[in-house]
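Asker: Sharing a structure, written as structure tokens. Questions coming.
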Amino acid sequence: MPPDRIHSSRSLLQRRKSLTTTLQAMIDGLIVLATVYYALYNAQGFISTLDAVFMITLLAIMGVTYDQMGIYRQYGGLIRSARKLFFAWSTSFAITLFIFIMAQYFDQLSRPVLGAIFAISFTGQLANRWILMAFRLQSAHSNVDKNNVLLVGGGPLVKHLFDNINGNPWIPEKAIGRIRTGPEDDDAEMPVPVLGDRADIIDVVRNHHVRTVYIAVSLENSHLVEELYQGLANENIDIHWIPNIYSLDLINHSVKEMAGLPLLTLSESPLIGNHLLFKAIEDRVIASLALLLLSPLMLIVALLIKLDSPGPVIFRQSRTGWNGKEFYIWKFRSMRMHETRDGELKQATKDDDRITRIGRFIRKTSIDELPQLFNVLSGKMSLVGPRPHAIEHNSDYDQRIRAYMTRHRIKPGITGLAQINGHRGETATLDKMKKRVEYDMQYINNWSFWLDIEILIKTIPALLRDEAY
């Protein structure tokens, strides 16, 4: 391939912005700017340099935050959009206030004025969405100026594209149907109309005045992309390729750029860059506060364990951690001292006679997990993440559950998404372990600071259930 076919003066990764979303972002900025200016001027009769800095800082942080949270890239209905907007606006406002607090300028800002700015700006942005959404919905129902779109392929991805293109009033396109690439695309229950086979694609494009084609073929048919592209190149239409990779067990998948080329990431730990820093700060701050508050309880439990049965207070066991590295997990000992039979590690069961009197209580309430706060401080664990399993169990389940070990692409946690959804304690059947792993994968693919906070809050009522013993 000639060098000029690879190297380009621009990035291959281009963000597509419609006129509507650009207009929406500009109006949001003007609403905030006008609200801040009016509120400050009305309160004090002038705009100071500090006020101007506040406006510029708020707008800059708002731009970055809204971009990171995809405020103008996704549509999910007015209620969902309002919820996302409130979260993004609250985050932007809080970060701005935090900066002014750290700079010791916060005392120069009026609390009532700040409250008015927050409420009026949010209401204005919400009204902006409602007006634009009403306009777009009216246009969507009339199908005016909608470009016809043709999909190529079959399966869930094509259905997802069909539903989202036709169900999103912000997209000026209408999906009219799909082209089969072979017998594997046959699906009687697929609600997407079949307009023809590969050999018919040019006639379909011309007869239906198609302006855009989305190629979404399966991995085994990816060789068809070049054939389809070459056949459509002279039709003066937009052609997009969406690799159908969703048959794979994807881990924190994303699209990036490497040396000017698009990079499709199939598996990657979410703990990279700023995410790793935020996770570490979150863990150490909350773990330190928890240890400070819970240290009296931990001392009492340690004394009761020592009085209840002979043996050490702390139980230490090797577990598999982040990226497959082994570490020693710490727990309050809840069982009598015993030896494993034939090297087999047996999970605790409901009426397990190995569990001590105090052990049964601390296991049911998860107090036995509190020493893991020290694992968190050392960086081996996190407050939230997939529960670390014994190495012997990992070796067993790795052979029986597909992609089981990918749950180690993030730090193991004291609590997790699986635990708050009823999968805490013994996994007596293979199906139960599969469900736990599904929740672990869901957590890894959707990790965020706020998801961690939500899980920590929901862990408290989860402890009142009876899954653990």
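Quick note: the coordinates plus some simple rules give every number you see, no bench work behind them. What you see is a predicted model; the values in this text were computed from it and never measured. A quick note on method: Cβ atoms are made from the backbone with ideal geometry, for glycine too, and the neighbour counts reach across all protein chains shown.
Asker: Just to be sure I understand: of the beta bridges DSSP finds with both ends in segment 221-343, what percent are antiparallel, rounded to 5?
Answerer: Percentage antiparallel, nearest 5: 90.
Asker: Here's something else I'd like to know. Among the listed pairs 411/432; 84/146; 331/434; 364/458; 306/380, which are separated by more than 19 Å between their Cα atoms?
Answerer: Correct reply: 411/432; 84/146; 331/434; 306/380.
Asker: Indicate, rounded to the nearest 5 percent, the antiparallel portion of the DSSP beta bridges found entirely in the chain.
Answerer: So the antiparallel bridges in the chain amount to around 40 percent.
Asker: Okay, next question. For segment 147-247, what number results from the quotient of the Cα radius of gyration and 2.2 N^0.38 Å?
Answerer: Expressed relative to 2.2 N^0.38 Å, the Cα Rg reads 0.97.
Asker: Something else now. Subtract the Cα-Cα distance of residue 460 and residue 130 from 0.36 nm times their separation in residues, and report this length gain in nm to one decimal.
Answerer: Contour length minus the Cα-Cα distance gives 115.1 nm.
Asker: I'd like the FRET efficiency for residue 26 and residue 223, computed as 1/(1 + (r/R0)^6) with the beta carbon distance as r and R0 of 60 Å, rounded to 0.05.
Answerer: 0.85
Asker: To the nearest 0.05, what FRET efficiency results for residue 336 and residue 428 with a Förster distance of 22 Å applied to their C-beta separation?
Answerer: It comes out at approximately 0.50.
Asker: Only Cα pairs under 8 Å and at least 6 apart count here; give the relative contact order of segment 147-247 as a rounded whole percent.
Answerer: Over segment 147-247, the number comes to 31 percent.
Asker: I need to check one value: relative contact order of the chain, counting alpha carbon pairs closer than 8 Å and at least 6 residues apart, in percent.
Answerer: In percent, rounded to a whole number, it is 10.
Asker: Once you have the Cα-Cα distance between residue 400 and residue 199, take 0.36 nm times their residue separation minus that, and quote the gain in nm to one decimal.
Answerer: Using 0.36 nm per residue and subtracting the Cα-Cα distance, I get 68.1 nm.
Asker: Follow-up question, since we're still on this one. Per-residue ellipticity at 222 nm for the chain, helices alone: DSSP H runs ≥ 4 residues times -39500 (n - 2.57), over residue total, nearest 500 deg cm²/dmol?
Answerer: Rounded to the nearest 500, the figure is -15500 deg cm²/dmol.
Asker: Dividing the alpha-carbon radius of gyration of the chain by 2.2 N^0.38 Å (N being the number of residues), what value is obtained? The partial results should precede the final answer.
Answerer: Numbers: Rg = 28.0 Å, N = 469, 2.2 N^0.38 = 22.8 Å.
That works out to 1.23 for the chain.
Asker: Turning to a different aspect of this structure: If R0 is 45 Å, what FRET efficiency do you get for residue 48 and residue 245 from their C-beta distance, rounded to 0.05?
Answerer: 0.25
Asker: Once label points are set 7 Å from the Cα along Cα→Cβ at both residue 147 and residue 308, what is their separation, rounded to one decimal in nm?
Answerer: 6.8 nm
Asker: Contact order normalised by length for segment 19-142, with contacts defined as Cα pairs under 8 Å and 6 or more residues apart; what percent is it?
Answerer: Working: 73 pairs, mean separation 46.9, N = 124.
38 percent.
Asker: Just to be sure I understand the rule: take each whole DSSP H helix in the chain, project its Cα atoms onto its long axis, keep it if the span is 27 Å or more and its mean Kyte-Doolittle hydropathy is at least -0.5. Which ones pass?
Answerer: Flagged H segments are 19-44, 49-68, 78-102, 111-142, 274-308.
Asker: Starting from the Cα of residue 184, step 7 Å along the direction of its Cβ; do the same at residue 80; then give the gap between the two resulting points in nm.
Answerer: 3.0 nm
Asker: Report the gain in length on full extension from residue 328 to residue 37: 0.36 nm times residue separation, minus Cα-Cα distance, nm rounded to one decimal.
Answerer: 99.1 nm
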